[in-house]
1. Measure up K186/K354; K89/K165; K89/K298; K294/K330; K108/K174; K104/K186 against 29 Å on the Cα-Cα distance and list the ones that go over.
2. Using the Karplus curve 6.51 cos²θ - 1.76 cosθ + 1.60 with θ = phi - 60°, work out ³J(HN,Hα) for each residue of the stretch 203-216 in order, rounded to whole Hz, and write x for Gly and Pro.
3. Compute the relative contact order of the stretch 50-247 as a whole-number percentage, counting only Cα pairs closer than 8 Å that sit 6 or more residues apart in sequence.
4. Quick one: what are the phi-derived ³J(HN,Hα) couplings along the stretch 39-55, Karplus 6.51/-1.76/1.60 with θ = phi - 60°, whole Hz, x for glycine and proline?
5. With equal scatterers on the alpha carbons only and no solvent term, can you work out the Debye log10 of I(q)/I(0) for the stretch 253-363 at 0.11 1/Å?
6. For the chain, taking Cα atoms only, what is the radius of gyration to one decimal and the Dmax to the nearest whole Å?
7. Suppose a student asked you for the relative contact order of the stretch 253-363, using Cα pairs under 8 Å spaced at least 6 residues apart; what percent would you report?
Amino acid sequence: RFRAKASKAKQAQSRIKMLAKMQPVATIINDPIPPIDLPSPDRLLNPPIVRFDEVSLGYEDEKPVLRNLNLRIDHDDRIGILGRNGEGKSTFAKGLLGLLEPQKGFIKRHKKLRIGYFAQHEIDALNMEHSAYDHVCALMPEATEAQRRARLARFGLGLAQSETKARDLSGGEKARLLFSLIGFHKPHLLVLDEPTNHLDIDSRAELAKSLNAYEGAVLLITHDRALLESVVDRLWVVENGDIRTYDGTMDEYRREQLERLRGQKRTAKRDTLPGKQEGRKHRAARRQALAPLKNRVKNLESEIEQTRAAITRLDESLSDPALFSEDRDKAIALSRQRAGLAGRLEALEESWYKAVEDYESAQE
Ligand SMILES: Nc1ncnc2c1ncn2[C@@H]1O[C@H](COP(=O)(O)OP(=O)(O)O)[C@@H](O)[C@H]1O
Ligand SMILES: [Mg+2]
């Protein structure tokens, strides 16, 4: 009996996930996860809201991380930022926020622009002695207790957690608190640097929903492909000190990364050909250190291939129109299987992407 129940629940979950995919904005289902509160700005500002003019950003003189950037962001832009670790994605965000002064050029922000900024170091900078309630009090000094409580309820933290000191909240709860704080003044632009690291799958889906409902501009730095695909409509790639627009899809970007990685392997092999004794030892040690990372990439790739193949097979079965009329139960079972595999594929691809990055940065 328990088993039947569990599978019903699973079935419902796949359906919910499928629905969420088809209609990211709609909230049909009675969701136990509270929404993430990101209110839209009252008024959209005239474009551009931010303009970069020959901007170089970095931490050491003469060594800019990003060089001569010319960019603009408009009030309704939805931009996803891609790039390997260490290329300067976070540096760009800090420059945009004015936390890092340009070494060269200038950044022009709309006079009335309010930016909501989410980043790990902003979580770390929360006042850890303050509860969510304390934060609301600080933000609404003139408000009545009832008004504060009403505002607090939108944080989606629950009654007990609202009184908990920030230091004692879980990672996900801290992230929620930060989301609520950055949304408090209805920003015109949200800059989200790796916002999903502490969020579970359901909260990520909530974030996607909130961002889709949000009417301001969004700049999203993340490896979370599902989130990117449901939120952004343009991609920028940070690479070799530059930020350029990317015309391809996420899939194409990944494929390029993969091909580049393979190209690197070939070059590495070529470079090792002559080799003196010392060099050979060194390279052997290096190979050994890299092997587990490389294996992980390979294993994930083969799992991804298998999962893709399984989905293709299911799609073939499901495309038979007779199936639904003749064996409804089977049709439903297959659809359910497909939804499960699609979810798995997504998770695998995300892991693959991270694994490739780990492998690459270990090579440097
Ligand atoms: N506070 C800092 N001081 C000095 N160098 C930094 C600092 N933050 C980042 N860097 C360097 O700047 C480069 C880009 O980093 P970052 O913008 O964090 O990359 P990403 O977010 O794309 O992973 C890296 O080489 C990194 O080591
Ligand atoms: Mg970063």
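Quick note: the coordinates plus some simple rules give every number you see, no bench work behind them. Bear in mind that the values here come from a model prediction, so they are computed numbers and not experimental data.
1. Working: K186/K354 33 Å; K89/K165 31 Å; K89/K298 27 Å; K294/K330 40 Å; K108/K174 32 Å; K104/K186 31 Å.
Among K186/K354; K89/K165; K89/K298; K294/K330; K108/K174; K104/K186, the Cα-Cα distance tops 29 Å for K186/K354; K89/K165; K294/K330; K108/K174; K104/K186.
2. 5, 5, 5, 5, 4, 4, 4, 4, 5, 6, 7, 5, 9, x
3. Details: 343 pairs, mean separation 61.8, N = 198.
Relative contact order for the stretch 50-247 comes out at 31 percent.
4. Values per residue, Gly and Pro as x: x, 6, x, 5, 9, 7, 8, 5, x, x, 8, 9, 9, 9, 10, 6, 8 Hz.
5. Log10 of I(q)/I(0), two decimals: -0.53.
6. My reading of the Cα-based Rg and Dmax gives 23.7, 77 Å.
7. On the way: 45 pairs, mean separation 44.6, N = 111.
The normalised contact order for the stretch 253-363 reaches 40 percent.
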